[in-house]
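Comments concern the structure below.
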Amino acid sequence: MMKNTHVHLVIILFFFCAIGFAQKDGRLVTKANQQYESYSFSPAIDIYKRILDKGYVSADILQKLGNSYYYNADYENAAKIYKRFVDEYPTEVQPEYFFRYAQTLKSLGDYENANNVMNQFTAATTDDSRAMAYKSEEDYLEDIKKNSNRYEMKSFEYNTPYSEFAPSFYKEGLIFSSDRDTGNFAKYRHTWNAKDFLDIYRVNVDSFSMNKVVKIDAYTKELEAIAIANEEKKNKQRINTRLHESTSYATKDGSVLYFTRNNFKDGKYVKDENGVIRLKIFRAVLLDGVWTDIEELPFNSDTYSVAHPALSPDEKTLYFASDMPGTYGESDIYSVAINDDGSFGEPQNLGPKINTEARETFPFVSSEEILYVSTDGHPGLGGLDVFATKLVDGKVVKDLVNVGEPVNSKKDDFTFIFDAETKMTYFASNRADNMGADDIYKAIEKIPLKLECEQKVSGTVRDKVTNEVLVGATVKVIDESNKEIKSTITDAEGNYELIINCDQGNFVRALTHGYVPFEEYLEISEGEPKVIDFYLERDELTAKFGDDLAKLLQLSTIYFDFDKYNIREDSKIEVEKVIAVMEKYPSLKIKVNSHTDSRGKDSYNLMLSQKRAEATVNYMISKGISKDRLKGEGFGETKLINKCSNGVACSDVQHELNRRSEFIILE
């Protein structure tokens, strides 16, 4: 939907949910209600104000007057009327009016009171997605700040005191909608806000329109001759008519144009049963410089609106806004497949991650598959804000992210488009510094939009036995569906670094030739940096005479109870690793060397270590290892590996290093 006067003219008019009225006596009330129900809000406002000035007031009048201001983007007056309605008729306030009241307060910068009213809104509803989003994102203003100040604003030289909005890329230039003075002396005006109807204009498209703003179907002299030769095309197949034409989108080669228009057939507008002229999307083909074959899309309807087209980068999918059956709120974002023959599939609602009970409208998809939409259903700064999410295979899998200031403001910000190559963006807003009701703004993106939780994972990959760094080892990130997301290799110091998506669980796996791969799982997190050092085991054991299997297998210390020599339960698993190697290599013979620390008598330590060595050998024999493949010897404290001999003061940790078992390869 659009957010200001003309935005509402072309969008809200058709997505507005009519509210049942309690009829009051009197001609003024009847006349005001008639104007209101036909979406003629400008005269309705005048009449309702006269009624209030006469001292007549009701919940119904305050609702309608507040809505009339709201849908005309006069949020200051809307806030005053909604406040009066909430204060004077608290038992008749439906949840939707708390929401609209909060939106008007945001647009005025009164976020404290807006949050208080949103708390009333959440208390008044149980399953509204907007209420749930607000409760889960109570610090949304801080989140918006994280994506703010990423753009450098530029001036758009084609704004006028009239409305300009809905910019769209077209060839080397732009097309946009405007109600600027076209010399028709206001012959066609809309009673929503007493403004002219909208047409589509182009600028900087070719030599004919360079630095000039002209209607999209204005012709050069040569093309005018072609049009005159085909009078039917000239008169009946122009893009612009006497009703509204607005949001549009062209194919990359400029040969096909999708655009929004009032329900218009055979030169006449068509109303629904309530007297409303709905919106439809039309498609036109450029033939010899003249727009022709203009047709409405097959999923249009006379009973609901379809509007605001945008194409996917491959131009095989059309995105649009609609209030068709199945819509979550006032308007939702849909997609539809475009077949090779130009026909269409069935429209698909993009679902609850995008759509709410409020307004979602004006989709745009960048070449990077980022979907931008304007919405007031997600926590924002006020009115419509621009949000974005990354599409995955055309599907919405992530929640929307507010693109922040200065694109978004307290007012309505909408019809956002972005060129990923030039980083140039255009959008429309009705913020306070406008020349007209709506203006187009231009900006350059300086810092990319952060759409995902990013986490830096770094570390070193080493050989588990030798502790040597492994240069050129591969480190992969694999998601929970076993799909490889990204990978890197270790540098000359064995180091690696990766940026992963911390909105999902990931496996980080290290592997290289000759080693057994190892991985670690990372859960969803807030993105704190993570260090993971990998120690890889060789997939084949390479050993020679005199090597210690305990070191090669990185065995934990084999502990014995004090003054005991039987193997403890917690040490058996380490001995079992040696047994497994001996079973794999039947010719392997080893000698079990047992050592003690220096504490205690030397002779006793020698005897105790001998018994521990023999106990280890006997345990291995009991597990099926042949006796002739094993030897055992105790060395007591005769082969200390540090300074901790008799009389030297050492810590328990230092003494423990000497209390060890070795499994020396004999052959």
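Laid out as a table, the results:
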quantity: Residue pairs meeting the criteria (Cβ under 6 Å; at least 6 apart or on separate chains; first within 18 Å of ILE239 (Cα to Cα), in the stretch 290-304; second open to solvent by less than 20 Å² (accessible area, probe 1.4 Å) and modelled with pLDDT under 90); calculated: VAL290/ALA227; TRP291/ASP217; TRP291/ILE239
quantity: Top-ranked residue in the stretch 420-454 [being touching a residue at least 60 places away in the same chain (Cβ under 8 Å) and open to solvent by 50 Å² or more (accessible area, probe 1.4 Å); ranked as farthest from ASP385 (Cα to Cα)]; calculated: GLU454
quantity: Qualifying residue in the stretch 37-54 (condition: open to solvent by 10 Å² or more (accessible area, probe 1.4 Å), at pLDDT 60 or above and not in a helix (DSSP H, G or I)); calculated: yes
quantity: Of residues in the stretch 102-138 being within 19 Å of LYS411 (Cβ to Cβ) and hydrophobic (A, V, I, L, M, F, W, C), the one surrounded by the fewest Cβ atoms within 10 Å (Cβ to Cβ); calculated: LEU108
quantity: Residues located in the stretch 351-380, provided they are closer than 22 Å to TYR258 by Cα, open to solvent by less than 30 Å² (accessible area, probe 1.4 Å) and part of a loop (DSSP other than H, G, I, E, B); calculated: SER366
quantity: Residues satisfying the stated conditions in the stretch 451-492, i.e. modelled with pLDDT of 95 or more and among the acidic types (Asp, Glu); calculated: ASP491
quantity: Segments classed as strands (runs of 3 or more DSSP E), wholly inside the stretch 246-304, with at least 3 members that are open to solvent by 10 Å² or more (accessible area, probe 1.4 Å) and of a type in the set (D, E, K, R); calculated: 290-296
quantity: Subset of the stretch 75-85 that is in contact (Cβ under 8 Å) with a residue 12 or more places away in the chain and open to solvent by 50 Å² or more (accessible area, probe 1.4 Å) - its residue that is nearest to the chain's Cα centre (by Cα); calculated: GLU76
quantity: Residue within the stretch 311-323 that is more than 21 Å from the chain's Cα centre (by Cα), over 27 Å from ASP376 (Cα atoms), outside any loop (DSSP other than H, G, I, E, B) and of a type outside the set (Val, Ile, Thr) present; calculated: no
quantity: Identity of the residue in the stretch 372-415, among the acidic types (Asp, Glu) and touching a residue at least 24 places away in the same chain (Cβ under 8 Å), that ends up nearest to TYR151 (Cα to Cα); calculated: GLU405
quantity: Subset of the stretch 467-480 [over 20 Å from the mean Cα position of the chain (by Cα) and open to solvent by 70 Å² or more (accessible area, probe 1.4 Å)]; calculated: ASN467, GLU468, VAL471
quantity: Hey, LEU640 assigned to a helix (DSSP H, G or I), under 15 Å from SER598 (Cβ atoms) and not aromatic (Phe, Trp, Tyr) or not; calculated: no
quantity: Verdict on GLU346 being acidic (Asp, Glu), at positive phi and in a loop (DSSP other than H, G, I, E, B); calculated: no
quantity: Whichever residue in the stretch 139-161 is of a type in the set (D, E, K, R) and in a loop (DSSP other than H, G, I, E, B) and, among such residues, is most open to solvent (accessible area, probe 1.4 Å); calculated: GLU157
quantity: Count - residues of the stretch 635-657 that are in contact (Cβ under 8 Å) with a residue 12 or more places away in the chain and among the aliphatic types (A, V, I, L, M); calculated: 4
quantity: Cβ-Cβ under 7 Å pairs, at least 6 apart or on other chains, the stretch 475-499 side aromatic (Phe, Trp, Tyr), far side open to solvent by less than 60 Å² (accessible area, probe 1.4 Å) and assigned to a loop (DSSP other than H, G, I, E, B); calculated: TYR496/THR490
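The values are calculated or read from the model by the stated rules, or taken from the named source; none is laboratory data. Keep in mind it's a predicted model, so treat the numbers as computed, not measured. Cβ atoms come from the backbone with ideal geometry, glycine included; neighbour counts cover every protein chain shown. Heavy atoms of the whole protein, side chains included, go into the accessibility calculation; ligands, DNA and RNA do not. Shrake-Rupley method; radii C 1.70, N 1.55, O 1.52, S 1.80 Å.
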